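Structure first, then comments.
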Amino acid sequence: MVMQFLKKAGLGVLLAMLSMAAHAEFTWNFPTPATPMAMDTLHVHNKFMVIVMIIFLVVLGIMIYSIVNHRKSKGYKPATFTGPSTRSQVIWTLVPFAILLYIDFILMGIPAYHSVVMMEDTKTNADMVVKVTGSQWRWQYEYMSGDAQGIKFVSNLSTPQDQIDNKEPKGEHYLLEVDNHLVLPVGKKVRILLTSTDVIHNWWVPAFGSARDAIPGFLRETWVRVDVPGTYRGQCKELCGKGHGFMPVVVDAVPEDQYKVWVADQKVKLAAASAGADKVWTKEDLIANGKNVYEKNCAVCHQITGTGLPPAFPSLAGSKVINGPIFDANGKVLKDSHLDRVFNGKNVMPAWKNTLNDTEIASVITYERNSFGNKMGDMVQPSQVKALR
Amino acid sequence: MSNATAVHHDAHDAHPTGIMRWLTTTNHKDIGTMYLTFSLIMFLVGGSMILGVRAELFKPGLQLMRPEFFNQLIGVHALVMIFAALMPAATGFANWMLPLQIGAPDMALPRLNNWGFWLLPPAAILLTLPFTLALFGIGDGAVATGWTMYAPLSVQGGIGVDFAIFSVHLLGISSVLGSINVIVTILNMRAPGMTLMKMPMFAWGWLITAFLLIATIPVLAGAVTMLLTDRHFGTHFFDAAGGGDPILFQHLFWFFGHPEVYILLLPVWGFMPQILQTFSRKPMYGYKAQVYSLWAIGALSVVVWAHHFFTVGMPVPALLYFMYSTMSISLPLAVLFYCWIATIWKGSLSFETPMLFAVGWIILFGIGGLTGLVLADVAADAQYHHSYFVVAHFHYTLFAGGIMGIMAGVYYWLPKMTGHMYNEKLGKIHFWLTAISFNMTFIPQFFLGLAGMPRRIPDYALQFAEFNMISSIAAFALGLSQLLFVYNIIMCVRGGKKATDKVWEGAQGLEWTLPSPPPYHSFTEQPTIK
């Protein structure tokens, strides 16, 4: 009776495990490498894992032999040695030591040396330079050289909050999707400069094998050369506050000709945005555009409803800064005014002047002054923001 | 003369009772008991925190808590486990066992000893108080920066950081006082004839630990003080805008932080060979080699710190230096492993609970050590660093290597301390449940890290779901198994089979020559070592 039950239960558990294994995506090792560095890292890792596994199993085997055979319950009489006594014993104790020396500094040490040199050589034959700026909690990309020079954009998490809060089913790339992908040409060595505007972040794409900190006030560098076209996903991996889990990295590696099309396309968009800054906008258009900008960039701290998360992130409803004047009698921007705060930041509030364009800053300010119960009724034109630069 | 001493001792025995006994005690056994009890309580506190975290990570999405609170739990969990659970446990054993093992009447500086302990509860309260304050709307909770408190995130943080800074100061003072006491006791109060090279290994482990603490705690204290002045007094130690450097904090922190790993482990490496020889009924193998290895590891531990942040970007020579120096730690550590295994080799083994923990400890700590060797590789470290691979690695060293080692010590000495045998069957069940659920918790985390899951994230992508679920279930099993441990200790303190003086058949050392439990003042006649 009991045995039957156990058999049935065991079969059930076995079936459940099998079905789980069939559906689950168990990954046992690094993702498929896409760069020479990731390839190198994978080889180094696999080799070292085999070595340590062998060491572990040999030592475990010796222990198990002793545990099974040298037992008091089997009447085994204890030896009395306290160290190696004969010459051959001394040599035998030195053998494992020598093997370890060989593993540390030759077998593992030499490939490790070459990997380090390769990893740190960011400059030789670099085809282009991209600057990556981390800030709480998004990445900004700026192309520093070549045709693409001048293209820059912010890359925000695009997973809806409702998916995170379990109100909607989660999408395929849950938490690993962004609005603007970094686009890189396949086969080109890209030198990546990293910095940050607030705290330390770490730009990491597992398939690239490179991870480097982005440090406020300093430039750090790394490089990638993506050899296989595709979309690669990664995450920030240095604790950077409450949004640490929500600032993914998404990179599209595309063939050269596609990359050229993308660059041309971006240039057109840049020109349009610049033209947008010179035209006079209506308040309704600014507010509509501003809502979009707000939800992408500001809502993470100040919340969709503008209520903030006091005391760290103040409420925008009835805020003194928002409900105060922006310009003095001579049309000069007042210090600590709404525009000054958004443009230059203060304490935890980041400076947005390098992250958002003129139209976006003007729109979001106009939106905030006329939402969340704020009824200022006025607006800021993109040209007024442009004049500050 | 001897008569006068006896009278003197009798007067001492008239100590106050009730709470005043514990508040004012200068007796090493009382203080040791307080340390161990405090450690056990904080072990449960820190454990419950991480069960909250594992519950949140049970499946993707945010179910139980906001990311802010999640970040507080992980950081305070680590601080509590390291400073309030593991370190006090080691100090508790030092208090209880060092005087017994070296034939001393008490610790050298008893009042300092009392003070060292009573700094701990206020420190623990400071650390956890912001959780409670937040409930009353004061501040935004405890320190949310991880236990490493990296600037500038910690400069930006709320009042929890200030509480943590002062808590670390108190804990640091307590550790330094304890270390001074250990060094003075070991160097001055050994029984006649006990030369340094005849000392029990536990005394050696602790002596080196104490030196490491005195060398590194002031650096940590300095670093967090600089953090405090950056936060409130306008200095710019860690702010590039004022000529500072955020990475300076990481250098200072890990100059303390890496030796700290050995501070947590050296006392365990000290008493573990004693447990192994007891249950092997055979003398310890390679005593001298072990002592020299302990010293070598102590010395190496203060020159390898930067391997904790290879990814910040360092010059190639620095990367190579820190890589090779880190790898070279494996050499003295391998000597220790060799000696431990050679100690049980051809012994007459029996597997009471302390021995089960000791053998399990060698195997699991071995996994921690070997993965540490791999982590030393700079290129591969770019992938491992701050991923779950690292989380799994340091739990193999600090849970298996640290806490399971402490558990072996508890089962080994509990009969001596209480005079009663613990429940052997329960102890064995506790071991197997702990060992199995521990592996079930952390083996999946190795794979999570390799697949690319960063640590310290409150929510994760769907491809990490299965391993996280397994890990969470096993973590709860691990946590609940520890209730057996607590129950077993309480029942053993309250009564049970009377323990003999020697307790274990193969026990060696002075502590086993005294009755179980030892009298309030241990040695009425000073023992001599031949």
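State whether one or more residues within the range B:189-199 are open to solvent by 50 Å² or more (accessible area, probe 1.4 Å) and among the hydroxyl-bearing types (Ser, Thr, Tyr). Looking through the range B:189-199, at least one residue is open to solvent by 50 Å² or more (accessible area, probe 1.4 Å) and among the hydroxyl-bearing types (Ser, Thr, Tyr).
For the range A:135-158, a residue qualifies if it is within 14 Å of another protein chain (Cβ to nearest Cβ) and touching an Asp or Glu at 6+ places or on another chain (Cβ under 6 Å), and the qualifying residues are A:135, A:136, A:158.
To keep it simple, each residue is scored yes or no on (1) more than 14 Å from every other protein chain (Cβ to nearest Cβ); (2) under 28 Å from residue A:346 (Cα atoms); (3) buried (at least 21 other Cβ atoms within 10 Å of the Cβ).
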position: A:175; (1), (2), (3): no, no, yes
position: A:197; (1), (2), (3): no, yes, no
position: A:202; (1), (2), (3): no, yes, yes
position: A:211; (1), (2), (3): no, no, yes
position: A:246; (1), (2), (3): no, yes, yes
position: A:260; (1), (2), (3): yes, no, no
position: A:275; (1), (2), (3): yes, no, no
position: A:280; (1), (2), (3): yes, no, no
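Of note, residue A:105 satisfies the criterion of being of a type in the set (Phe, Trp, Tyr) and within 39 Å of the chain's Cα centre (by Cα). Within the range B:167-193, residues that are of a type in the set (D, E, K, R) sit with their Cβ atoms under 8 Å from residues that are assigned to a loop (DSSP other than H, G, I, E, B), at 6+ positions apart or across chains, in these pairs: B:190/B:103; B:190/B:104; B:190/B:199. So if I check each of B:300, B:333, which one is in a helix (DSSP H, G or I), at the interface with another protein chain (Cβ under 10 Å from one of its Cβ atoms), open to solvent by 10 Å² or more (accessible area, probe 1.4 Å) and of a type outside the set (Val, Ile, Thr)? On inspection, the qualifying residue turns out to be B:333.
Inspection of the range B:321-329 finds a residue satisfying the criterion of being crowded, with 22+ Cβ neighbours inside 10 Å and within 8 Å of chain A (Cβ to nearest Cβ). If you go through the range A:151-173 and keep only what is open to solvent by 10 Å² or more (accessible area, probe 1.4 Å) and either outside the structural domain of residue A:233 (by TED's automatic domain parsing) or part of a strand (DSSP E or B) (or both), you end up with A:152, A:153, A:154, A:157.
Within the set B:227, B:266, B:294, the sole residue that is of a type outside the set (Ser, Thr, Tyr), in contact (Cβ under 8 Å) with a residue 60 or more places away in the chain, closer than 21 Å to residue B:386 by Cβ and away from chain A (no Cβ under 13 Å) turns out to be B:227. Of all the residues in the range B:116-169, those that are hydroxyl-bearing (Ser, Thr, Tyr), open to solvent by 40 Å² or more (accessible area, probe 1.4 Å) and in contact with a helix residue (DSSP H, G or I) (Cβ under 7 Å, 6 or more places away or on another chain) number 0.
Table: residues versus (1) open to solvent by 90 Å² or more (accessible area, probe 1.4 Å); (2) facing another protein chain (nearest Cβ under 9 Å); (3) touching a residue at least 12 places away in the same chain (Cβ under 8 Å).
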residue: A:47; (1), (2), (3): no, no, yes
residue: A:51; (1), (2), (3): no, yes, yes
residue: A:76; (1), (2), (3): no, yes, no
residue: A:86; (1), (2), (3): no, no, no
residue: A:89; (1), (2), (3): no, no, no
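Filter the range A:40-92 down to residues that are among the basic types (Lys, Arg) and in a helix (DSSP H, G or I) and give me whichever is farthest from residue B:376 (Cα to Cα). Among those that are among the basic types (Lys, Arg) and in a helix (DSSP H, G or I), it is A:87. Of the residues in the range B:448-473, how many are open to solvent by 10 Å² or more (accessible area, probe 1.4 Å) and either farther than 19 Å from residue A:245 by Cα or away from chain A (no Cβ under 11 Å) (or both)? Of the residues in that region, 2 qualify. When the range B:509-530 is filtered for residues that are under 17 Å from residue B:202 (Cβ atoms) and either in contact with a strand residue (DSSP E or B) (Cβ under 8 Å, 6 or more places away or on another chain) or open to solvent by less than 60 Å² (accessible area, probe 1.4 Å) (or both), the ones remaining, listed by number, are B:509, B:510, B:511, B:512, B:514, B:518, B:522, B:527, B:529.
Among the criteria (1) modelled with pLDDT of 95 or more; (2) surrounded by fewer than 18 Cβ atoms within 10 Å (Cβ to Cβ), the one residue B:291 does not fulfil is (2). Assess whether residue A:230 counts as being of a type in the set (Gly, Ala, Ser), within 20 Å of the chain's Cα centre (by Cα) and open to solvent by 10 Å² or more (accessible area, probe 1.4 Å). For residue A:230, the condition - of a type in the set (Gly, Ala, Ser), within 20 Å of the chain's Cα centre (by Cα) and open to solvent by 10 Å² or more (accessible area, probe 1.4 Å) - is met. Looking across the range A:94-113 at every residue that is more than 8 Å from chain B (Cβ to nearest Cβ) and in contact (Cβ under 8 Å) with a residue 12 or more places away in the chain, the one that is farthest from residue A:39 (Cα to Cα) is identified as A:103.
Listed conditions (1) in contact with a strand residue (DSSP E or B) (Cβ under 6 Å, 6 or more places away or on another chain); (2) of a type outside the set (Gly, Ala, Ser); (3) outside any helix (DSSP H, G or I) are all met by residue A:37, apart from (3). Scanning the range B:278-289 for residues that are in a helix (DSSP H, G or I) and within 10 Å of chain A (Cβ to nearest Cβ) yields B:279, B:280, B:287, B:288, B:289.
For the criterion of being closer than 22 Å to residue A:43 by Cα and either within 9 Å of chain B (Cβ to nearest Cβ) or in contact (Cβ under 8 Å) with a residue 12 or more places away in the chain (or both), residue A:218 fails. Looking only at residues that are hydrophobic (A, V, I, L, M, F, W, C), open to solvent by 60 Å² or more (accessible area, probe 1.4 Å) and farther than 25 Å from residue B:81 by Cβ in the range B:5-51, which one is modelled with the highest pLDDT? Filtering first and then ranking leaves B:23. Residue A:254 meets the conditions (1) open to solvent by less than 10 Å² (accessible area, probe 1.4 Å); (2) under 18 Å from residue A:129 (Cα atoms) in every case but one. The failed one is (1). Is there a residue being touching a residue at least 40 places away in the same chain (Cβ under 8 Å) and more than 10 Å from chain A (Cβ to nearest Cβ) anywhere in the range B:310-319? Checked against the condition, which is being touching a residue at least 40 places away in the same chain (Cβ under 8 Å) and more than 10 Å from chain A (Cβ to nearest Cβ), the range B:310-319 yields no hits at all.
Quick grid of which residues meet (1) modelled with pLDDT of 95 or more; (2) assigned to a helix (DSSP H, G or I):
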{"residue": "B:347", "(1), (2)": "no, no"}
{"residue": "B:354", "(1), (2)": "yes, yes"}
{"residue": "B:361", "(1), (2)": "yes, yes"}
{"residue": "B:370", "(1), (2)": "no, yes"}
{"residue": "B:391", "(1), (2)": "yes, yes"}
{"residue": "B:403", "(1), (2)": "yes, yes"}
{"residue": "B:438", "(1), (2)": "yes, yes"}
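The residue of the range B:52-110 that is most open to solvent (accessible area, probe 1.4 Å), among those that are small (Gly, Ala, Ser), assigned to a helix (DSSP H, G or I) and within 14 Å of chain A (Cβ to nearest Cβ), is B:78. Only residues that are open to solvent by less than 10 Å² (accessible area, probe 1.4 Å) and in contact with a strand residue (DSSP E or B) (Cβ under 9 Å, 6 or more places away or on another chain) were counted in the range B:387-414, giving 1.
The values are calculated or read from the model by the stated rules, or taken from the named source; none is laboratory data. These numbers come from a predicted model, not from an experiment. As a convention, Cβ positions derive from the backbone with ideal geometry for all residues, glycine included, and neighbour counts pool all protein chains shown. Just the protein is used for accessible areas: all its heavy atoms, side chains included, with ligands, DNA and RNA removed. Shrake-Rupley method; radii C 1.70, N 1.55, O 1.52, S 1.80 Å.
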